[in-house]
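Q: Here it is, the structure in full.
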Amino acid sequence: MKYLASGKMANVVFWLTFVVGSAIGLLLFNQGVSSYRTQELNHAQQHLQQFVARYDVALQQTIERSTKLADAVHLNSPLKAAQLSQFIHLVYPKVNDVAEIYLFSDNVALPRFHYAPDTGLSQLVDELAPYIQPYLIAARKLGTTQVSPIIAAHNSAVKSPMIVVVNPIAEGVGEEKALNAVTFLITVHQVASLTDALPNEAGREHFAYILADHEQNHYVFPDNKMLDSAPSVDAKRTDIPDLNVPLNILGNQWQLWVYPPTRHVKPVDFIYYVYLALSIVGSFVVGFLLRYALQQHRKLYLQLLRQSREVKRVTHSLNDTEIALAASEKTAAWAVSGRTQFMTTLSHQIRTPVNGILGMTDLCMQTELSLKQQDYLRKITASAEHLNSVLGDLSDFALLESGELQLAEQPFSLHEIVDSLYAMLSKEAQDKGLVFNITLPHTVHCDLIGDRRRLSEIMLNLCINAIEQTSSGHIHLVISTDNQQTEQDSLLHDSDYTLNIMVTDTGAGINQEDINQLFSQGQPLKQNHNAGGRLGLTISQQLCQLMGGEIVVSSQLGIGSCFTASVKLKLNNLIITSPEKVMQLSAPQRIVVIDDNPISLTMLENALSIMGAEVATFQSASDALEALIENDQPDIILLDWVMPQVGGLAFLSRLQQLKVQITSRILVLTAYDAKSISRMTQQFSVERILSKPCRNEELFHIIENTEMIASEEDNSPLDGLVVLVAEDNMINQEIISELLQQEGAEVLLSNDGQHCIDELKRAEKVDIVLMDINMPVMNGLAALKVIRGELGMADLPIVALTANIFEQDKQQYIQAGMNEHLGKPYDRGEIVRCILRLTQKA
């Protein structure tokens with residue numbers, strides 16, 4: 001090779017390199033241009049297809065929404081205007097979803113309604129417009145939903161082309177049910193609103209299209225008008241072909257022509273020509289340098305050999321890197337493809353071990369334990385329940401986004417929420433050096449009906465947000481009401497009750513510009529505001545809106561912020577009493593109250609003082625012990641069970657060791673398992689164990705000794721019942737078996753659906769079946785079908801016992817033939833009540 005450095009050979013190599021390099025550059029240029037045009041064509045065609053698919057879905061959903069509203073009207077007949085208005089806003093949440101709605105009846109005695117987005121719901125006085133009559137007649141004659149062709153706007157409040165959907169509402173029974181309809185739901189939709197319903201990315205492409213119905217009426221968009229004839233397309237004058245797709249509308253054939261935003265592929269970028277020029281110039285430079293290199297070859301020969309070895313090493317390293325990169329890309333592709341399946345099974349897979357933790361902890365709490373062991377188990381339970389609530393929050397957020405979240409209507413007490421909130425957040429605030437206060441005025445009625453969990457979530461999110469944004473000072477939660485009723489009569493009949501929740505802090509404050517973005521996940525704040533807190537605020541705002549209220553924010557930089565949330569609930573008429581009714585003790589009582597929670601302490605002090613008692617309060621059990629030694633003994637000691645440093649059990653032990661004999665009546669207050677505490681206090685003179693929060697009326701009767709001593713609760717409510725449990729998880733089998741046996745039931749276990757069927761054939765008696773859904777060999781739904789069909793056990797109660805908690809899953813199980821659904825983790829009380837209810841033993 002050392003002889004290649006001659007001048008002639010160097011020139012040959014120079015020209016050969018220049019020509020070959022230029023040819024390769026030109027070839028690559030042609031391939032790049034061709035690939036570019038192909039990608040642009042594919043991209044345009046893909047967007048056309050996506051647009052057609054989304055448009056078809058929007059058109060079908062328009063008809064389905066009208067049918068869904070008609071079904072709601074039928075199922076809730078007779079219907080009031082307020083109900084109809086509520087149904088319309090649920091089915092058509094956006095203003096442009098529907099142009100007009102008519103509820104028309106042939107029977108003039110029945111109410112007729114008209115709805116328009118700008119005027120709202122009103123009584124229908126005039127007759128229906130003439131353009132609706134043909135489709136009303138067809139719906140009356142055929143008894144089926146009728147969809148009109150595209151109608152040009154005339155003599156109507158709708159100013160653009162539209163589609164009319166007529167739904168007959170059945171009133172008869174049997175096969176003639178639809179034909180007997182005298183009531184019709186008529187919805188009018190602007191064709192242009194179908195495009196408004198498409199996702200933003202589709203709208204941004206500015207597609208033009210022509211929609212033809214089965215009567216060959218042609219509608220053009222974005223002109224929003226009708227065409228006189230079918231469109232004609234010159235395929236030779238465009239690079240991107242148009243898309244013509246048939247659409248099926250209730251058996252009628254429609255056509256959709258879609259045209260791309262631009263009719264020609266964009267010209268080749270100038271940069272490609274720059275690359276071509278650079279490749280030619282580069283070939284020239286490379287050839288010249290190669291000629292120079294050959295001429296210098298002799299003296300650089302040894303150095304080139306060393307460099308070649310280095311190049312080989314680097315090349316080998318690059319190959320290894322490329323192989324690793326390829327493996328990583330393959331793994332990433334697999335992860336992306338499995339994301340959907342992962343999100344589907346995530347909740348079920350996590351709830352199964354959580355169910356095991358909570359179940360085993362509950363069983364362990366029923367055994368003899370030390371106070372420290374009970375504390376550890378409560379913390380394990382709290383952590384598992386927190387994990388379970390996080391899973392619930394993920395589900396709630398998805399349901400909120402889709403508009404499918406349903407609020408529970410259950411009685412609850414505000415005292416429970418406030419007490420739990422203070423217990424959760426006081427330590428966190430104290431660790432940051434903050435003062436955390438809660439004010440619950442006596443004028444607020446605490447016995448309410450609503451969704452306790454959602455209300456607690458709103459308060460928790462607002463308080464956590466305040467703690468995160470405050471570095472010094474205080475956090476103050478004030479609960480108030482707009483209702484000013486003072487008479488008991490005004491509080492009856494499920495009265496609406498507005499609750500206001502105000503959280504103030506002394507943090508850095510929020511810029512006025514950023515307040516409007518607090519409840520949005522899409523836009524960043526200019527200030528350093530916690531992203532997690534913003535998610536909680538977003539969920540809280542949507543929950544408040546579901547409860548008929550909203551969150552209002554006011555803030556000043558350097559001073560602090562104030563978040564005010566309002567919700568609408570109902571009063572619990574079964575519990576609530578007149579605030580003017582005062583219970584007075586027949587004889588003066590000296591009462592010592594010991595509780596580390598200042599809110600509970602204040603509430604008890606106020607309640608007992610109003611009854612006429614002389615009250616001394618202590619936040620520390622040690623301080624209370626010193627006071628008992630130095631002062632006269634009180635008549636009653638009201639003792640909280642769980643307290644820091646010296647708890648209820650330690651207090652009783654020290655009290656027993658005192659030289660002075662204590663003759664006071666001792667009442668224990670606790671929010672935990674009363675049975676476990678009862679076992680631990682057998683050696684002490686504890687009169688009663690009361691659940692927190694304790695109602696004032698109950699506390700009054702206990703102090704007065706006027707209440708009837710309740711008979712011992714039935715510890716075996718399921719005595720005599722045979723329960724068959726189908727569950728493939730061994731831990732869950734052990735938990736549910738032990739739980740049911742503790743309640744008095746006889747338990748039969750099966751590992752899968754087929755085993756469950758075999759047990760039913762062998763067993764002499766089975767009162768109820770608890771059926772898991774996801775099991776090997778045969779799943780729960782397949783086993784249910786066999787039990788109801790082949791075995792003929794149509795009346796046997798079967799309960800779906802699964803971690804799938806989504807509403808659509810529950811409805812699927814009920815529709816398949818299950819009597820009820822119970823979610824995991826197991827709730828002892830809920831399972832017992834369900835079994836008693838379905839076996840008619842309640």
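The values are calculated or read from the model by the stated rules, or taken from the named source; none is laboratory data. All figures in this text were calculated on a predicted structure; none of them were measured in a lab. Glycine gets a Cβ as well: all are built from the backbone with ideal geometry, and neighbour counts include every protein chain shown.
Q: Counting just the residues of the stretch 107-142 that are of a type in the set (Gly, Ala, Ser) and within 39 Å of the chain's Cα centre (by Cα), which one comes out surrounded by the most Cβ atoms within 10 Å (Cβ to Cβ)? Step through it out loud before you land on a result.
A: The first filter runs over the stretch 107-142 and keeps only residues of a type in the set (Gly, Ala, Ser), leaving 109, 116, 120, 122, 129, 138-139.
Imposing the further condition that a residue be within 39 Å of the chain's Cα centre (by Cα) reduces the set to 116, 120, 122.
Values: 116: 15, 120: 11, 122: 11.
Ranking the qualifying residues of the stretch 107-142, first place goes to 116.
Q: Further question: Which residues, counting only those in the stretch 645-661, are of a type outside the set (Lys, Arg) and free of Cβ contacts under 8 Å to residues at least 60 places away in the same chain? Spell out how you get there, then give the answer.
A: Start the filter on the stretch 645-661 by keeping residues that are of a type outside the set (Lys, Arg), which leaves 645-653, 655-658, 660-661.
Listed by number, the residues that qualify are 645, 646, 648, 651, 652, 653, 655, 656, 657, 658, 660, 661.
Q: Can you find a residue that is of a type outside the set (Val, Ile, Thr) and modelled with pLDDT under 80 anywhere in the stretch 450-464? Full working, then the answer.
A: Narrowing the stretch 450-464 to residues of a type outside the set (Val, Ile, Thr): 450-457, 459-463.
When the remaining residues are screened for being modelled with pLDDT under 80, the result is none.
No - not one qualifying residue is present in the stretch 450-464.
Q: Would you mention how many residues in the stretch 602-635 are assigned to a helix (DSSP H, G or I), farther than 19 Å from residue 649 by Cα and of a type in the set (A, V, I, L, M, F, W, C)? Spell out how you get there, then give the answer.
A: Kept after step one, since they are assigned to a helix (DSSP H, G or I), are these residues of the stretch 602-635: 602-610, 621-630.
Subset that is farther than 19 Å from residue 649 by Cα: 602-610, 630.
Now drop any that are not of a type in the set (A, V, I, L, M, F, W, C), which leaves 603-604, 607-608, 610.
So the count comes out to 5.
Q: Quick check on the stretch 440-470: of everything there that is among the hydroxyl-bearing types (Ser, Thr, Tyr) and farther than 12 Å from residue 421 by Cβ, which residue is surrounded by the most Cβ atoms within 10 Å (Cβ to Cβ)?
A: Looking only at the stretch 440-470, we keep the residues that are among the hydroxyl-bearing types (Ser, Thr, Tyr), and these are 443, 456, 470.
Cutting the leftovers down to farther than 12 Å from residue 421 by Cβ gives us 443, 470.
On the way: 443: 11, 470: 22.
The qualifying residue surrounded by the most Cβ atoms within 10 Å (Cβ to Cβ) is 470.
Q: Yes or no: the stretch 830-837 includes at least one residue that is among the charged types (D, E, K, R) and either farther than 28 Å from residue 716 by Cβ or in contact with a Ser or Thr (Cβ under 6 Å, 6 or more places away or on another chain) (or both).
A: Step one: filter the stretch 830-837 for residues among the charged types (D, E, K, R), giving 830, 833, 837.
Next, from what is left, pick out any that are either farther than 28 Å from residue 716 by Cβ or in contact with a Ser or Thr (Cβ under 6 Å, 6 or more places away or on another chain) (or both): none.
Within the stretch 830-837, none of the residues are among the charged types (D, E, K, R) and either farther than 28 Å from residue 716 by Cβ or in contact with a Ser or Thr (Cβ under 6 Å, 6 or more places away or on another chain) (or both).
Q: Assigned to a strand (DSSP E or B) and at pLDDT below 85, is that true of residue 244? Can you show your working first?
A: Working: assigned to a strand (DSSP E or B): yes; at pLDDT below 85: yes.
So residue 244 passes the test.
Q: Further question: What number of residues in the stretch 587-616 are of a type in the set (Ser, Thr, Tyr) and buried (at least 19 other Cβ atoms within 10 Å of the Cβ)?
A: Initially, the stretch 587-616 is screened for residues of a type in the set (Ser, Thr, Tyr), giving 600, 602, 609.
Those left that are additionally buried (at least 19 other Cβ atoms within 10 Å of the Cβ): 600.
Final tally of qualifying residues: 1.
Q: For residue 684, are the conditions met, namely being farther than 21 Å from residue 619 by Cα and surrounded by 13 or more Cβ atoms within 10 Å (Cβ to Cβ)? Reasoning before the result, please.
A: Values: farther than 21 Å from residue 619 by Cα: yes; surrounded by 13 or more Cβ atoms within 10 Å (Cβ to Cβ): yes.
The answer is yes for residue 684.
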